[in-house]
Every structure is written in structure tokens, then in C-alpha cells.
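Chemist: I am attaching a structure below and will ask some questions about it afterwards.
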Amino acid sequence: MSDYQLNATSRTDTGTRNSRRLRHTGEVPGVVYGANQPSVNIGLNHNKLWHAFENEGYFSSLINLKISQENDSKEEQVIIKKIQRHPYEPRILHIDFQRIDNNKKIRTRVPLTFSDEEKAPGSKKGGVISYFVSDTEVICLPSQLPTYIAVDVSKLDTAESIYLSDLVLPEGVALTALSRGDDQNQAVAAMSKPISKS
């Protein structure tokens, strides 16, 4: 059982007009698909969903989605695949969930968390760390999905960088960028040289 829970209601009305009507009632239209099962159209309470998403763990974790139907309910284990947001208002317009097959690997984005900047030799010399990547796509079995990938920058000296290939990954987790070749091995953080005082 995941620590992350969401409630939804199954819906049969589809299309742009019905989605617009659903939003006017304070609901967010969504869909659940995958695992060789039929897609299910759902609605979720916007305020509850917005509040839940204040916890960033929802975006990189397995979620237990409880879908209420006319006479019963069922639970699906899912991950978030796509969120459509309003371009300038604080509103979620649509959300896609992918079902999880525990025996099949999934691809999803996981945040990077950086630590111990103040311990880095370059920081002590007056250098400044720049961060270039906030998350990265991983591939792994659902049971191995990390909530985040820790990046220790405590050894970073001036004019040095940390690359995707330097990340310490949990067992069973791989970076999809590195599977596409060395040209995708981008820097995630770099320590600048101290600014010389004239």
C-alpha cells in the first residue's frame, strides 16, 4: 500500500463540453489507462487534488487511486503521467494516470535532491554551485521506484561538475538518458571558480 492516496469518481460522459461542465462543478477530468486494461474516465475534486499536490512526492511515487462507481469502488495502483494546467490561473485542467503492472518496468521522472553544498571544497574557496537538472527520467520496476535521487555535492571543487553518470542510483534503477548514449550524459551541477577581486 502506497503512502499516497487519491479519490476519484468514474464518469461516462466524455468530450470537451462535458469536461468543461465537470470543471465548473469543481472537478478535474482525468483518465486511467495501461496494463492491458480498458481506459477509465474519472473526475477528481479539484481542491483536494490541488492540496494533495503540495506534497511533491505524488509526482514521483506510486499512488493508490480509489475509483468510486455507482454501487461499489475499486483501487488502482497508478503513477501520474501528464498534468494539464491552466496557463495563468492556479487550476488543473486534466490529469492522466498510468496503471502499474508490478512485473513490468515503468518510465517516470524522479526529482534530484542536492545536499552538503557548504561542505564542498569549492564553496569554501568562494565558488558557487550552479544546478542544471532538477529531475531525470528513470526506468525500473514499480517496487524499486525511488521518491527522489540524492546528489551529494560535498566533494565538488572549483571548475568541477557532477554528471548523470556520477549519480548513485538505488538497486534496479537506471537512467533512460544514459541508455541513449554518451551525448546525453549532461551535467547536473557545477562549481564555478571564485570571482577574483581586482
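The values are calculated or read from the model by the stated rules, or taken from the named source; none is laboratory data. All values derive from a computational prediction rather than experimental measurement. Cβ sites come from the backbone with ideal geometry, for glycine too, and all protein chains shown count toward neighbours. Note: accessible area is taken over every heavy atom of the protein model, side chains too, but ligands, DNA and RNA are not part of it. Shrake-Rupley method; radii C 1.70, N 1.55, O 1.52, S 1.80 Å.
Chemist: Which count do you get for residues in segment 14-33 that are charged (D, E, K, R) and either touching a residue at least 24 places away in the same chain (Cβ under 8 Å) or part of a strand (DSSP E or B) (or both)?
Modeler: Our first condition is that a residue be charged (D, E, K, R); within segment 14-33, this holds for 17, 20-21, 23, 27.
Okay, now just the ones that are also either touching a residue at least 24 places away in the same chain (Cβ under 8 Å) or part of a strand (DSSP E or B) (or both), so 23, 27.
The number of residues fulfilling the criteria is 2.
Chemist: Looking at N71, N102, which one is in contact with a Pro (Cβ under 9 Å, 6 or more places away or on another chain) and either in a strand (DSSP E or B) or of a type outside the set (A, V, I, L, M, F, W, C) (or both)? Step through it out loud before you land on a result.
Modeler: Details: N71 fails: in contact with a Pro (Cβ under 9 Å, 6 or more places away or on another chain).
Being in contact with a Pro (Cβ under 9 Å, 6 or more places away or on another chain) and either in a strand (DSSP E or B) or of a type outside the set (A, V, I, L, M, F, W, C) (or both) holds for just one of N71, N102, which is N102.
Chemist: Which residue, of T147, T136, is in contact (Cβ under 8 Å) with a residue 40 or more places away in the chain, within 16 Å of I79 (Cβ to Cβ) and in a loop (DSSP other than H, G, I, E, B)?
Modeler: On the way: T136 fails: in a loop (DSSP other than H, G, I, E, B).
Of T147, T136, the one residue that is in contact (Cβ under 8 Å) with a residue 40 or more places away in the chain, within 16 Å of I79 (Cβ to Cβ) and in a loop (DSSP other than H, G, I, E, B) is T147.
Chemist: Could you say which residue among S61, S73 is exposed (fewer than 14 other Cβ atoms within 10 Å of the Cβ), over 18 Å from R23 (Cα atoms), in contact with a strand residue (DSSP E or B) (Cβ under 7 Å, 6 or more places away or on another chain) and of a type in the set (G, A, S)? Step through it out loud before you land on a result.
Modeler: On the way: S61 fails: exposed (fewer than 14 other Cβ atoms within 10 Å of the Cβ).
Answer to the check: S73.
Chemist: Given L65, L6, L93, which one is under 19 Å from the mean Cα position of the chain (by Cα), more than 26 Å from C140 (Cα to Cα), at pLDDT 90 or above and not in a helix (DSSP H, G or I)? Steps first, answer last, please.
Modeler: On the way: L65 fails: more than 26 Å from C140 (Cα to Cα); L6 fails: more than 26 Å from C140 (Cα to Cα).
Going through L65, L6, L93 in turn, the sole match is L93.
Chemist: Moving to a separate point now. Name the pairs: first residue in segment 71-89 and of a type in the set (G, A, S), second residue not in a loop (DSSP other than H, G, I, E, B), Cβ to Cβ under 6 Å, at least 6 apart or on different chains?
Modeler: Sorted first by the residue in segment 71-89, then by its partner, the pairs are S73/K66.
Chemist: Got a number for residues in segment 92-150 being under 24 Å from S61 (Cβ atoms), open to solvent by 60 Å² or more (accessible area, probe 1.4 Å) and of a type in the set (K, R)?
Modeler: Here the count works out to 4.
Chemist: When you scan segment 152-160, do you find a residue that is open to solvent by less than 50 Å² (accessible area, probe 1.4 Å), in contact with a Gly (Cβ under 8 Å, 6 or more places away or on another chain) and either under 30 Å from P29 (Cβ atoms) or aromatic (F, W, Y) (or both), even just one?
Modeler: Quick first cut of segment 152-160, residues open to solvent by less than 50 Å² (accessible area, probe 1.4 Å) only: 153-154, 156-158.
Applying the additional criterion that residues be in contact with a Gly (Cβ under 8 Å, 6 or more places away or on another chain) yields 156-158.
Now drop any that are not either under 30 Å from P29 (Cβ atoms) or aromatic (F, W, Y) (or both), which leaves none.
No, the conditions are met nowhere in segment 152-160.
Chemist: Search segment 40-69 for residues that are basic (K, R) and pair each with any residue that is surrounded by fewer than 18 Cβ atoms within 10 Å (Cβ to Cβ) when their beta-carbon atoms are under 6 Å apart and the residues are at least 6 apart or on different chains.
Modeler: Partner pairs satisfying both residue conditions: K66/N7; K66/S73; K66/E75.
Chemist: If I ask for residues that are open to solvent by 90 Å² or more (accessible area, probe 1.4 Å) and of a type in the set (S, T, N, Q), which ones from segment 1-12 would you list? Walk me through how you get there before you give the answer.
Modeler: Keep residues of segment 1-12 that are open to solvent by 90 Å² or more (accessible area, probe 1.4 Å), which gives 1, 3, 7, 12.
Matches in segment 1-12: N7, T12.
Chemist: Taking segment 13-52 as the region of interest, how many residues are open to solvent by less than 20 Å² (accessible area, probe 1.4 Å), under 21 Å from P90 (Cβ atoms) and hydrophobic (A, V, I, L, M, F, W, C)?
Modeler: Residues flagged as open to solvent by less than 20 Å² (accessible area, probe 1.4 Å), under 21 Å from P90 (Cβ atoms) and hydrophobic (A, V, I, L, M, F, W, C) within segment 13-52 amount to 4.
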